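The values are calculated or read from the model by the stated rules, or taken from the named source; none is laboratory data. Being a predicted model, the structure only gives us computed values, none of them experimental. Cβ atoms come from the backbone with ideal geometry, glycine included; neighbour counts cover every protein chain shown.
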Number of protein chains: 2
Amino acid sequence: MKYGMTGKILRIDLTDLTYAVEEPDEYIYRTYYGGSALACYYLLNECPKGTDPMGPDNLLIFASSPLVGSGIPGSNRYSVAAISPLSGIYGEAEAGGWWSPELKRAGYDAVLIKGKAEKPVYLWIHDGQVEIRNAGALWGKGTGDAQDIIKNDLGVKRVSVAAIGPAGENQVRFACVVNGLKHTNGRGGLGAVMGSKNLKAIAVRGKQSPDFHDKETLKRVIEWYANNFMDHPIERVLHDGGTIGWDVTELDEAGILPTYNFRSGSFEKADDICGETFHKQYFIEAGSCQGCVIRCKRVARSDGPYKVDPAYGGPEYETAAAFGSLCGVSDLEVVCKAHELCNKYTLDSISTGATIAFAMECFENGLLTAKDTDGLELKFGNQKAMVECIHKVANREGIGDLLAEGSRRASETIGGGAKKLAMHVKGQELAMHEPRGKGSLGLAYALSSTGANHTEGPHDYLFQEGALGVSDLPELGILEPVPAIELTPEKVRYFALMQLTWNVFNTLGLCIFTAGPGKLLKMNQVAQAVEAATGWNVTLWEIMKLAERTVTLKRAVSVLHGITRKDDCLPDRFFQPLEGGLLKGMALEQEVFEKSLDLYYDMRGWDRNTGIPTAGKLVELGLGWVNKLLGQQ
Amino acid sequence: MKYGMTGKILRIDLTDLTYAVEEPDEYIYRTYYGGSALACYYLLNECPKGTDPMGPDNLLIFASSPLVGSGIPGSNRYSVAAISPLSGIYGEAEAGGWWSPELKRAGYDAVLIKGKAEKPVYLWIHDGQVEIRNAGALWGKGTGDAQDIIKNDLGVKRVSVAAIGPAGENQVRFACVVNGLKHTNGRGGLGAVMGSKNLKAIAVRGKQSPDFHDKETLKRVIEWYANNFMDHPIERVLHDGGTIGWDVTELDEAGILPTYNFRSGSFEKADDICGETFHKQYFIEAGSCQGCVIRCKRVARSDGPYKVDPAYGGPEYETAAAFGSLCGVSDLEVVCKAHELCNKYTLDSISTGATIAFAMECFENGLLTAKDTDGLELKFGNQKAMVECIHKVANREGIGDLLAEGSRRASETIGGGAKKLAMHVKGQELAMHEPRGKGSLGLAYALSSTGANHTEGPHDYLFQEGALGVSDLPELGILEPVPAIELTPEKVRYFALMQLTWNVFNTLGLCIFTAGPGKLLKMNQVAQAVEAATGWNVTLWEIMKLAERTVTLKRAVSVLHGITRKDDCLPDRFFQPLEGGLLKGMALEQEVFEKSLDLYYDMRGWDRNTGIPTAGKLVELGLGWVNKLLGQQ
């Protein structure tokens, strides 16, 4: 590798406590780049069907990307991937912060971890050196304490730490990985995989930035971005209010704020948990990721009864809705506390909130009683019980041990009508977006290869007639605005194309808030930035084919681990009318939904009957070798 | 339309002798651009299944494109399209010259012609004006005389004339259209469609070039091209020797020069018909198309027994092989004469040579006798009989009337084993490339929606290990050289991608000799040129999707008119060993070939069983409306 990456991949075997450095061919880098595509490449090759997600053979991957560290706003991310303990299929989550640029400065593009340490360890990667160190003193600690101990242990102040807290150690199936206390690889239970390997943390530090090919062009783009983002309506909103300032009120008014475990689209106390309230009462400052001018992160603090520690940042919209409207909780201090606890324990706030909301509905329906909940009155709106539940889940105590299995497994254990109340796809809980009011979101949830996933495409309403994003559509070949809500064939097309743009960012290590349709940095500029970083003659064609390859690779991993078309579905609830809000009465139609799936498979070159990528499509994407794994030719 | 095109499409009704001007929405232009994609758009909408190719309801289209007239070398072409009298499915052929830029200067992007004039007419389109004029005096004339008469009739010297000769008038099923006496819309019998409408010619003249958006960028590309093409090995070869100077000897030595009706891959007298011989004996000067520095056209002249008139240009490689090695003829003067006659009569030289070669093999096998051939000893190598045959075909005299139906229909009439000797796919004769030695060419022939077509992708050998084109592959996502001959899955991938680049040029009005993989102007530069011409934010992604749309539109027209997967085949001969030359003994394998088709359909999003584009793929390409026509949803 000449430009953009280090060319080195670090292999760790925790069973033997050894490591090795690999230098893949440039061909591998240009085919898979980094992040999720690179992760899938290794998972397909090394984790056959039947690999136990919590076993030593699961491969845990931390993967950076060519743009990372280039200074392009948002280009600071990395993917953590493995076979997910939550879904049993492809598990992946991204985070920003400083960890990913630091890994590259330390001399590696990715870290691949196998095996299981006999006793807790952490990794210390610095300037090409690798140490596997005793983590005995860290075990049982929250992320904050763990990070402090590591810094002391190493005697290095500027070190970036990705760690798990007790939830990861206890293999809560939706435990996450947190770096810098506030940047989370949230979904899919990858923290539990770390825990299963007795790996507490990865600390990185490096002083050698990889060389970028055309620094002048990168500098020009960076400066242009800095000069213009405040004039871009969406970047400005993100800068001024973060995601919590963007979504809560707007979604509530539109009738698509997930409320009471997705029964309603409106929360009567939405104003209490909205961005304005947050900024008035708990906001102390904006936070950022490496090299990003947007500064969309919020930092919360409270000295009230729940005492919220600002070291852990503050809630995103997803967290606010998951612990707020979804659980019927309107006390924003409690929401901020829930956020802090999630980052400390390393719990995915979406799955945590959603699993508790599921439990609340079970409780209200008599499927769970106080006997099951250690006496907690687990009703919607009971904020105290909700916070108590978070502690119990992280520590797998009482009812927490059941809920730590995630809503799918918990619903199977509870039995009765509980299955119908678990709002998940393929085992992963839905994020805080209502499919009945966002036509393409339902497809995203149903079709994502990691289970219900909201980062598979932007909100439809940004691209309807007269909306901001419409002018960005022609670049992708869409010449007309999309319908606001309905799931038309054109909407499926829009989704399939948008899904490409959103997916490729997880391979490029780029943030969906700074770039892509509707954002300031356009897709073609992304291609130009990648070309400037790498020196390859990259065009938007290559980026979009990389995106298609990424989506198909993810699918291939999950197909290998058991999914077929029948798993591409939504909970029954979404085919029933919304119970409240502006869209009250709105329901998805099963026939339209199935027809939309048909069209989607056609668009992707996946078989309509099985949902499996066709042999020719895999060859066309340069993935002919995957056919053998899937038993086809 | 602000830039690149006139925004006006001319409709002619020859039955009523009326015309009208349409101004389609910009949406239509950006979706279909021009050339073949635009032609398909109109054919799909206006020519239902069952349209008689020779009837008044067939729609005859002459379509220019946004780049045409911009000065980018090679950007001077146009498509003629209709339902083909030869194949009964989509018929399309391109030509360069001056006609297309002149049409745009005259104020129109395309001309759509329906109906049938009671008496012969020609069109005179000049500076926005349209006249439908009496062609009584022209009927029966060759293209040279016809053009002279038109110029006199109009009293205008600088006028560009696309015309038919007697072959078109007599509705020879492979009659072509010729402009400027030397630029041919060769394949598919579109001259016969003109003849069936009693339309002798379209004369155009205009003084108003359409405005181009970014003239500075266009100028820079044009200058760069002019400064560099002589250093580019392939552009240099085309400049120095034309196609006749490139191919004959090289292909003969490689064992892939179609000889004796595709029985052999080597012609013992190849040197007699090669470029060197041509340049020594008959070449008088190089010719050009509008604005092109390559000047690949050859002009031939002979004062020998066959007297060759230089007004009609000179033979391309295709013509040299079709009337040379394919018919076993080694007298290059005769080949030049055959070329002249084809351009005068308006016969497609490929189908003419191939149909005569077919008749020769029938004759040698006793399936035709001197009684059938009006006494001609129609054996391989009988050059006199070959020339006589050309006259007879054009005038539909004797054996010529049978052969004027094309080799498929003629073979059905002759019966016996004749069908096995007709080298066609879907009714259109194979061009002069041997599928047994060019792995992807066989696919191109089998899969082209116009029947056997050699302009569906470049020669494989340009992209094998160490070859010139390899460095252009990464731009398209192919990171490794392709195998030289074999039909591997990777070769199918290569073909599917290359087919896009070659097809889109027929939509953009650009020449495959100046641009594309292996040529000087790279695909991304093409995208930039289109952006500069139109002002749209065009990237290579848009161009490649346009290409995919084009290939799929063509397929849709042909599916509507009856083809399915079973028609995607090659003559049996190619699954038999080559009888001579370096690759003697080489044969395609049916199983490998069928497997390759499977992969191809997957890659295109066409159904493997039927070969029909899937509903979702059509929607994804912005062609959802086509599903209804094809009876699917």
Subject >> Tally of residues being out of contact with any Gly (no Cβ under 6 Å at 6 or more places or on another chain), crowded, with 18+ Cβ neighbours inside 10 Å and either in the same structural domain as B:Lys182 (by TED's automatic domain parsing) or charged (D, E, K, R) (or both) across region B:273-300 >> reply: 0
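Rundown of residues vs (1) modelled with pLDDT of 95 or more; (2) assigned to a loop (DSSP other than H, G, I, E, B); (3) more than 26 Å from A:Arg77 (Cβ to Cβ); (4) within 18 Å of the chain's Cα centre (by Cα), yes/no style:
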| residue | (1), (2), (3), (4) |
| --- | --- |
| A:Cys289 | yes, yes, no, yes |
| A:Pro315 | yes, yes, no, yes |
| A:Ala322 | yes, no, no, yes |
| A:Val329 | yes, yes, yes, no |
Original post:
Is there any pair linking a residue in region A:319-344 that is over 20 Å from A:Met423 (Cα atoms) and assigned by TED's automatic domain parsing to the domain that holds A:Ala359 to one that is of a type in the set (A, V, I, L, M) and in a loop (DSSP other than H, G, I, E, B), with Cβ under 7 Å and at least six apart or on different chains, and which?
Top reply: A:Val335/A:Val329; A:Asn343/A:Leu181
Original post:
Quick check: is even one residue across region A:447-455 among the aliphatic types (A, V, I, L, M), without any contact (Cβ under 8 Å) to a residue 40 or more places away in the chain and touching an Asp or Glu at 6+ places or on another chain (Cβ under 8 Å)?
Top reply: yes
Subject >> Matching residues in region B:123-139 - criterion: being touching a residue at least 40 places away in the same chain (Cβ under 8 Å) and among the hydrophobic types (A, V, I, L, M, F, W, C) >> reply: B:Leu123, B:Trp124, B:Ile125, B:Val130, B:Ile132, B:Ala135, B:Leu138, B:Trp139
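Taking region B:446-482, which residues are in a helix (DSSP H, G or I), within 14 Å of chain A (Cβ to nearest Cβ) and in contact with a Ser or Thr (Cβ under 9 Å, 6 or more places away or on another chain)?
B:Glu475, B:Leu476
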Original post:
Do we have any residue at all in region A:602-624 that's out of contact with any helix residue (DSSP H, G or I) (no Cβ under 6 Å at 6 or more places or on another chain), under 30 Å from A:Ile256 (Cα atoms) and charged (D, E, K, R)?
Top reply: yes
Original post:
Looking only at region A:587-619, which residues are assigned to a loop (DSSP other than H, G, I, E, B) and either of a type outside the set (S, T, N, Q) or more than 7 Å from chain B (Cβ to nearest Cβ) (or both)?
Top reply: A:Ala587, A:Leu588, A:Glu589, A:Gly605, A:Asp607, A:Arg608, A:Asn609, A:Thr610, A:Gly611, A:Ile612
**OP:** Could you tell me which of the residues B:Ala226, B:Ala203 is of a type in the set (A, V, I, L, M, F, W, C) and either assigned to a strand (DSSP E or B) or buried (at least 24 other Cβ atoms within 10 Å of the Cβ) (or both)?
**Re:** B:Ala203
Subject >> Criterion violated by A:Thr539 - all others in (1) surrounded by fewer than 24 Cβ atoms within 10 Å (Cβ to Cβ); (2) without any contact (Cβ under 8 Å) to a residue 40 or more places away in the chain; (3) in contact with a Ser or Thr (Cβ under 8 Å, 6 or more places away or on another chain) satisfied >> reply: (1)
Original post:
Out of curiosity, is A:Glu92 part of a helix (DSSP H, G or I) and in contact (Cβ under 8 Å) with a residue 12 or more places away in the chain?
Top reply: no
Original post:
Any idea how many residues of region A:248-270 are of a type in the set (D, E, K, R) and over 11 Å from A:Ser325 (Cβ atoms)?
Top reply: 2
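A quick yes/no check of all residues on (1) in contact with a Pro (Cβ under 9 Å, 6 or more places away or on another chain); (2) surrounded by fewer than 18 Cβ atoms within 10 Å (Cβ to Cβ); (3) within 14 Å of another protein chain (Cβ to nearest Cβ):
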| site | (1), (2), (3) |
| --- | --- |
| A:Leu17 | no, yes, no |
| A:Val21 | no, yes, no |
| A:Asp25 | no, yes, yes |
| A:Thr31 | no, no, yes |
| A:Ser36 | no, no, no |
| A:Cys40 | no, no, no |
| A:Leu43 | no, no, no |
| A:Asp57 | yes, yes, no |
| A:Leu60 | no, no, no |
Original post:
Any idea which of (1) of a type outside the set (Asp, Glu); (2) within 14 Å of chain A (Cβ to nearest Cβ); (3) touching a Ser or Thr at 6+ places or on another chain (Cβ under 6 Å) is the one B:Ile89 doesn't satisfy?
Top reply: (2)
**OP:** Any chance you could count how many residues in region B:483-506 are closer than 25 Å to B:Thr450 by Cα, outside any helix (DSSP H, G or I) and either of a type in the set (Gly, Ala, Ser) or more than 10 Å from chain A (Cβ to nearest Cβ) (or both)?
**Re:** 3
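This table checks each residue for (1) touching an Asp or Glu at 6+ places or on another chain (Cβ under 8 Å); (2) more than 11 Å from chain B (Cβ to nearest Cβ); (3) at pLDDT below 95; (4) under 30 Å from A:Trp246 (Cα atoms).
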site	(1), (2), (3), (4)
A:Leu508	no, yes, no, yes
A:Lys519	yes, yes, no, yes
A:Gly562	no, yes, no, no
A:Lys566	no, yes, no, no
A:Gly585	no, yes, no, yes
Original post:
From the list B:Thr6, B:Thr51, which residue is in contact (Cβ under 8 Å) with a residue 24 or more places away in the chain, under 30 Å from B:Thr564 (Cβ atoms) and of a type in the set (Ser, Thr, Tyr)?
Top reply: B:Thr51
Subject >> Leading residue by the ranking (surrounded by the fewest Cβ atoms within 10 Å (Cβ to Cβ)) among those in region A:401-438 that are within 20 Å of A:Pro166 (Cα to Cα) and over 23 Å from the mean Cα position of the chain (by Cα) >> reply: A:Asp401
**OP:** Name, by its number, the condition in (1) surrounded by fewer than 23 Cβ atoms within 10 Å (Cβ to Cβ); (2) away from every other protein chain (no Cβ under 14 Å); (3) within 30 Å of A:Thr217 (Cα to Cα) that does not hold for A:Ala532.
**Re:** (1)
**OP:** Among residues belonging to region A:357-379 that are crowded, with 21+ Cβ neighbours inside 10 Å and in contact (Cβ under 8 Å) with a residue 40 or more places away in the chain, point out the one that is farthest from the chain's Cα centre (by Cα).
**Re:** A:Leu368
Subject >> Residue in region A:5-35 that is modelled with the lowest pLDDT, counting only those that are assigned to a loop (DSSP other than H, G, I, E, B) and aliphatic (A, V, I, L, M) >> reply: A:Met5
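Residue by residue, here is whether (1) in the same structural domain as A:Leu59 (by TED's automatic domain parsing); (2) under 23 Å from the mean Cα position of the chain (by Cα); (3) buried (at least 24 other Cβ atoms within 10 Å of the Cβ); (4) of a type in the set (Val, Ile, Thr) holds:
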residue: A:Ser100; (1), (2), (3), (4): yes, yes, yes, no
residue: A:Leu103; (1), (2), (3), (4): yes, yes, yes, no
residue: A:Asp109; (1), (2), (3), (4): yes, yes, yes, no
residue: A:Lys119; (1), (2), (3), (4): yes, no, no, no
residue: A:Val161; (1), (2), (3), (4): yes, yes, yes, yes
